[in-house]
Amino acid sequence: MTLSVAVALMSGRRMEVEVLHDTSVEELQRRAEVAFGVRGSLLSAAGVSLDGSMTVSSAGLQKGEVLTLASRPVAVAAATSAFAAILPDGSVVSWGERPYGGDCSTVQGRLKNVQQLQASQHAFAAILADRSVVTWGASFCGGDSRAVQHLLKDVQEIQSTRYAFAAILGDGSVITWGNADYGGDSSLVQDRLRKVRQIQATHYSFAAILEDGSVVTWGERQGDSSAVQGKLKNVKQIQASQSAYAAILTNGTMVSWGAKCSLGVGDRAVYELQDVRQVHAGQNAFAAIRADGSVAAWGNPAYGGDCSAVQDKLRDVKQIQAARLAFAAMLADGSIVSWGSAGHGGDSRFVEDRLRNVQQVQASHNAFAALLPDGSVVTWGADDSGGDSRSVQNRLRNVQQIQANMHAFAAILADGSVVTWGHADYGGDSDAVQGQLKNVQQVQASDLAFAAILADGSIVTWGYARYGGDSSSVREQLLPTQDESSWFLKLDDPIGHWSCHVSCVPGELMTVIEESGRLIHEVALGPDGEWFIMLEDAETFFGNTSDLFAAALHATKDSDGKMQVSWVAFGPKQSFFVHRANGEPFWHGLPKELEELVARHPRDVKHLALARPTGWCVLFHHGVWRWRLPPEHGLSDWLKSSEAYTLNHVYVGNSGEYFIETRQRAQWNAGDSLSEVLSYYCNRSSRQEKVKSAIAESPALSQAYAELMTVLTKVLEEHREDCYFDQLLETIKSKLLFDPQFTRLYSFNPACYGQRGGYPYFKPCGWRRCSLAIDKFEEYSGWCIAYHGTSCQNVASIMLRGLRRPGDQGVCVAHGQAYSTSHRTIYVSPAIEYAAFPVYAKFLEIEKNHWAQLVLECRVRPGSFVVKPGTLGNKYWPEHLRMDSNFETNSELEWLIESPDDVVFTGLMIREFGEAASENIYGSLVRQVTWARGSQGPEFEWTKLRAAEYERLRYYV
């Protein structure tokens, strides 16, 4: 007996799959992956991962139930000599030294729905969706967890020493395994490991911070913290070197203990310091940034534990980076001061004059690399560790990120390519894979090799073969995981504004689009990565094309050196058609029948499309069209219809896709991502009229909302769930959504409005509040006030239905589920500026150089949430600055809520940016936000401006 099961992608695209009751869930998933052309894992309607070994019947799947095929980006983790990657379907592949984590074949069947990976020196531990753990690799490094397997349930987080693992469970207890002498045996302190908040590790031991701020340690050597237990109270964070710890207390006191060789304090095994803001650890030394911006270093002097030689220069220090034997400090003015072993990065005097306005510093074992604002790089330290980059200096332009292993560096450029230098055998020479290193998104490193993750989800490796530089044994598994076509869509409106949407386009083309800042006239994409773009001033760029195509374009140049081209079409096997501005075309490799047609009427060709293997369609100016497409192609029947007489444009893809534009409408058959965009924009004008009509008819939207009309209209237009759209508009008309009585502006005079639910309610300075009409609001008046950042596309849905858990009514996880035990948690923050960070609350473009940001104000039931530290990290924000000026630390900025009944959406907080933003309402800083040619977007500009302002006001944690 068969059962019809619906499977959907996150975007809403869905299909019906007929299966037998005894069909395995794994087979159902495989059939869905083939149909969609996407790898992923199946989730139930409740958002729970399904066990692939179960049958459809035993999994309890019912007729009409909608499952989700969830795909996610590839994630890579590295041990000393091996890599492991989580693929989009939740499976794992590993490579490198086989006994030391490079071979997971013995546990491959259990590696399903993997969420996280952690590595020791020679082993890996994977946390699955059901919060159990699978391990592999060297048993003496924790690769064998059978002795504690029955205890590894509800695992939230795993940390490791070099030879052991420690898992924090949902109840705050800890389970350890691996080498007993190096942290794998916690039996002596097991009764004290309760309510553990986080764990830090040296090479040989662990230190756990408990909920009350006390510390428990175990393991070899520095695992004994008895000498400092009386001082370890109210601990905020811990840093670890190879064999010592440094704990920062909430009052700014720092206590350091461990192996004497790592403390450099004679016979004492303890070192103390006051007014500490940050601590950074090298191999056998520490460096602390104090509240006044000065630096204190301690530990083995040969490893950077003595900074006295440069102490007078260490003023106003913002960040510190550690190598093995040296430190580099970045000052507020962007200059660098280094100390430690001179030949291993401790002496930067020879490049001191070039180290200005440094943006980032990365370290290998014995060298440093500094990224400058113009995208160039300055290096110093040991030559065989990347300290000498002269051989690639001319290629180090527009660098975006730098990664390092022990002896080499890898830089990702703006065009998605990679430049490497350092020890050639250990990753410094990437020539063998340079042709594959395109559209690189990130690079991970083992000790002596690199692995690059590309935009299509594939992985490219190089470096020392035994340490993961050779992934040929798993090559097939590391190939691209999606078959999503490249596409470009340009949108124009009647008043001259334009925007574009893209997917999977070549990195060089993406760079031109992002950096040009000019109107785009024409774009063409080819089946083998070819691309062409022409901007408003007729400036033309192209790439990945044949020499013949390049010669054809160069032949069209006028006296000013500009190419006189109208449009271009690419086809298979390097075929192309170039339409010149003078009407004379040039072509190569066209199918014979098409070539004969074009040769007879060269100046009459209006539009032409080419597809694999020999498909084509040509439209002439006098209204005649011809085509040759397979009978099963969706466009074949339409081209035979009478409606084809109104054809204006036609585009044909290589897998049956097409887009046609007639005088009356547009029609298409495209991949999931393009279909979603086309559907939304082709129906946009009717949606706009509906929104304007609903707002005009709403009795609640009185004069109090006059200045909000533009933003609210834009928000409602961006609502993309058509099934709820009409219901939302009816709610607006019926006066059930907004309450003008409590709409207000918040001035720039800081204030605390007292306690709400036991937590302070700080005035949201520089924001406008648009109040929602809440039934029986008095029931929530004693609840805590918090905020939730989201994209504008989600705001209208939340207005209508409230905040939902991931998995409910199509709600998807957008930013991970850090600290969550259910993985269906709702996140809010007591700090509006944390919730408003652009990672969460993306900007909404109102008009050119005018944006708005939306944050939801909520009431939260007291006692219903768990308080956790902010998780943004210094990837997005300088770690020494507060995220919100009202909160002195960033340690309690996330509230985790499990039930939607415990949070009520009460108001929409709005802030505008750009020249059109009112200075009286939103302040002067927001008016400085721009999006100029070559900039990284208004969100990036705002973050940079606010960080500089907080720096000026000394809003330090």
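For GLN319, the residues whose modelled amide H falls within less than 5 Å of its own, excluding neighbours fewer than 5 places apart on the same chain, are MET330.
Where a ≥ b ≥ c are the square roots of the eigenvalues of the C-alpha gyration tensor, would you call the stretch 582-646 rounded, which needs a/c under 1.5, or, failing that, prolate if a/b is larger than b/c, or oblate? Oblate. Once the 1.4 Å probe is applied to the protein heavy atoms, the stretch 820-957 comes out at 40 Å² accessible per residue.
With Cα atoms defining each centre, the stretch 438-483 and the stretch 888-957 are spaced 36 Å apart in the structure. The 3J(HN,Hα) values that the Karplus relation (6.51, -1.76, 1.60; θ = phi - 60°) gives for the stretch 829-840 are, in residue order, 9, x, 9, 5, 6, 5, 5, 8, 4, x, 4, 9 Hz. Gly and Pro appear as x. A Förster radius of 35 Å combined with the Cβ-Cβ distance from GLU16 to GLN436 puts the calculated FRET efficiency at roughly 0.35. When you count the other C-beta atoms within 10 angstrom of each residue and take the mean per peptide, 589-601, 403-415, 747-759, 352-364 line up highest first as 403-415, 352-364, 589-601, 747-759. Surface analysis of the stretch 363-467 yields an accessible area of 36 Å² per residue, using protein heavy atoms and a 1.4 Å probe. Rolling a 1.4 Å probe across all protein chains gives LYS112 an accessible area of roughly 90 Å².
Sorted largest first by accessible area at a 1.4 angstrom probe radius, with every protein chain in place, the residues LEU608, LEU925 fall in the order LEU925, LEU608. Straightening the chain between GLU779 and GLN477 buys 103.2 nm, computed as 0.36 nm per residue apart minus the Cα-Cα spacing.
Computed over protein heavy atoms with a 1.4 Å probe, the carbon and sulfur contribution to the accessible area of the stretch 396-457 reaches 38%.
Peptides 247-255, 433-441 ordered by packing proxy, namely the average of other Cβ atoms within 10 Å per residue, highest first: 247-255, 433-441. How big is the gap, in Å, between the Cα center of the stretch 540-555 and the Cα center of the stretch 272-293? Using only Cα atoms, the two centres lie 56 Å from each other.
Remark: the stretch 228-239, residue by residue, has Karplus-estimated 3J(HN,Hα) of 10, 4, x, 9, 7, 10, 6, 6, 9, 7, 10, 10 Hz, where x stands for each Gly or Pro and the curve is 6.51 cos²θ - 1.76 cosθ + 1.60 at θ = phi - 60°. Ligands, DNA and RNA excluded, the heavy atoms of ASP185 present near 80 Å² of accessible surface to a 1.4 Å solvent probe. The accessible surface of the stretch 189-331, taken with every protein chain in place and a 1.4 Å probe, is 43 percent carbon and sulfur. The stretch between LYS153 and GLU211, if pulled fully straight at 0.36 nm per residue, gains 18.8 nm over its current Cα-Cα span. Each Lys or Arg adds one and each Asp or Glu subtracts one; over the other residues with Cβ under 9 Å from the Cβ of ALA329, this totals +2.
Based on the alpha-carbon gyration tensor of the stretch 550-659 and its eigenvalue square roots a ≥ b ≥ c, which shape applies: rounded if a/c is under 1.5, prolate if not and a/b is larger than b/c, or oblate? Because a/c hits 1.5 or more and a/b exceeds b/c, the stretch 550-659 counts as prolate. Summarising the label geometry, the points placed 7 Å from Cα in the beta-carbon direction at ASP312 and LEU953 lie 3.6 nm from one another. Note on ASP470: accessible area is roughly 70 Å² with a 1.4 Å probe, heavy atoms of protein only. Couplings 3J(HN,Hα) for the stretch 768-782, derived from phi with the Karplus relation 6.51 cos²θ - 1.76 cosθ + 1.60 (θ = phi - 60°), are 10, 10, 10, 7, 8, 7, 10, 5, 6, 4, 4, 5, 10, 5, x Hz, where x marks Gly and Pro. Modelled this way, with points 7 Å down the Cα-to-C-beta line, the labels at TYR753 and ASN394 are 6.3 nm from one another. Once the chain from SER376 to THR871 is taken as fully extended at 0.36 nm per residue, the excess over their C-alpha distance is 175.2 nm.
The values are calculated or read from the model by the stated rules, or taken from the named source; none is laboratory data. Bear in mind the structure is a predicted one, so any value in this text is a computation, not a measurement. In this analysis, Cβ positions are derived from the backbone assuming ideal geometry, glycine residues included, and neighbour counts consider all displayed protein chains. Only protein heavy atoms, including side chains, enter the accessible area calculation; ligands, DNA and RNA are left aside. Shrake-Rupley method; radii C 1.70, N 1.55, O 1.52, S 1.80 Å.
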